[in-house]
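S.K.: Quick one: the structure is below, and I'll ask about it shortly.
The values are calculated or read from the model by the stated rules, or taken from the named source; none is laboratory data. Keep in mind that what you see is a predicted model, and the values were worked out from it rather than measured. FYI the Cβ positions are ideal-geometry reconstructions off the backbone, even for glycines, and counts take in every protein chain you see.
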Amino acid sequence: MSDVYYTGNGIYDYLTNSANKDDFFWTSGHLWLLVYGDDLGPKVLTVASENRLDANTTAEERAAAHVACQITQGTNIPVNFVRFGPDKHVETVRYCEPGMKCIPEITSEELKNRFARYGLKMNDIMTHKSINDRSSSPFHDWQRKNMGDSVVVADIDLVRYRNSVPVEIIELKRSYIELERWEPYRQDYKNFILLSKLSHARGLQFYIVYNKRVKTPFFDDVSRLKIFEFDDRLQQPCRMAGYRTIGQFAESTAGERSRI
């Protein structure tokens, strides 16, 4: 499949030029917000950054760290920061967690030990790269190799704010399937449950937002979105919350009952 499938994101593009841009946060380029956990829930929220190890801390890294702290405020979920270089294999990283006065360089093995201290029980079964995983990086490859298949990891795609306070975590999904036919895939439920547990630990809502991609001419069709509410505390955790125009989605919370 051509790499063009993974280029850009129509929802991000719309929000970038929207009057509601300041109501949202997302990472882009070589920066990620990653939640690590297991069946019991999230263990740590990591800001992962691909950058030169000797570079000064960037405004983007500081902003992501601030958001991570906001998301975990009032919970017992810690935050850490990992900067890795662009080399194919991760041998050393810059690492920081609360209480540290600097960002020291540590080895790959020490990084694994740091994650283990959060209660992540890792094994030696290397996980495979998902066919839809657009976020390949040296660190993601390190994660698959070193953490094994007992650790659940999920990216935070989008955070919605109201009055400078986070209110929603939003998972973005897209494919060539028609909106009316698409449903969240069962094989993704472990990730959804982890994001739901993180959200509810902080009193946030968790939603899955789907848009269709068009093959010819190729583009992200975000004019109409399908919204799902996901709550791991319910016997049936996933329910369809309706359809929104992209404008409605940008202006109001994902769970509001406006329909089109």
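S.K.: Could you tell me which numbered condition Asp87 fails, if it satisfies all but one of (1) surrounded by 16 or more Cβ atoms within 10 Å (Cβ to Cβ); (2) among the acidic types (Asp, Glu); (3) at pLDDT below 90?
M.R.: Of everything listed in (1) surrounded by 16 or more Cβ atoms within 10 Å (Cβ to Cβ); (2) among the acidic types (Asp, Glu); (3) at pLDDT below 90, Asp87 misses just condition (1).
S.K.: Might you let me know whether region 60-73 holds any residue that is of a type in the set (S, T, N, Q), surrounded by 21 or more Cβ atoms within 10 Å (Cβ to Cβ) and closer than 28 Å to Phe249 by Cβ?
M.R.: No: region 60-73 contains no residue that is of a type in the set (S, T, N, Q), surrounded by 21 or more Cβ atoms within 10 Å (Cβ to Cβ) and closer than 28 Å to Phe249 by Cβ.
S.K.: Something else: Residue check: is Thr27 hydroxyl-bearing (Ser, Thr, Tyr), touching a strand residue (DSSP E or B) at 6+ places or on another chain (Cβ under 7 Å) and either without any contact (Cβ under 8 Å) to a residue 40 or more places away in the chain or closer than 20 Å to Asp157 by Cα (or both)?
M.R.: yes
S.K.: Are there any pairs with C-beta distances below 7 angstrom linking a residue in region 144-169 that is touching a residue at least 12 places away in the same chain (Cβ under 8 Å) and closer than 20 Å to Phe192 by Cα to a residue that is among the basic types (Lys, Arg) and surrounded by 19 or more Cβ atoms within 10 Å (Cβ to Cβ), with the two at least 6 apart or on different chains, and if so which?
M.R.: Hits for this filter: Val167/Arg160; Glu168/Arg160.
S.K.: Can you pull out the residues in region 91-114 that are in contact with a strand residue (DSSP E or B) (Cβ under 8 Å, 6 or more places away or on another chain), surrounded by fewer than 13 Cβ atoms within 10 Å (Cβ to Cβ) and within 17 Å of Cys69 (Cβ to Cβ)?
M.R.: Pro98, the sole residue that qualifies.
S.K.: Can you tell me which of (1) aliphatic (A, V, I, L, M); (2) surrounded by fewer than 20 Cβ atoms within 10 Å (Cβ to Cβ); (3) over 21 Å from Pro42 (Cα atoms) is the one Val222 doesn't meet?
M.R.: (2)
S.K.: Among the residues of region 10-24, is any assigned to a helix (DSSP H, G or I) and hydrophobic (A, V, I, L, M, F, W, C)?
M.R.: yes
S.K.: While we're looking at this one, here's another question. Give the residue, chosen from Pro217, Pro237, that is surrounded by fewer than 19 Cβ atoms within 10 Å (Cβ to Cβ) and modelled with pLDDT under 95.
M.R.: Being surrounded by fewer than 19 Cβ atoms within 10 Å (Cβ to Cβ) and modelled with pLDDT under 95 holds for just one of Pro217, Pro237, which is Pro217.
S.K.: Within region 175-191, can you find the residues that are over 17 Å from Phe230 (Cβ atoms) and outside any loop (DSSP other than H, G, I, E, B)?
M.R.: Within region 175-191, Ser175 is the sole residue that qualifies.
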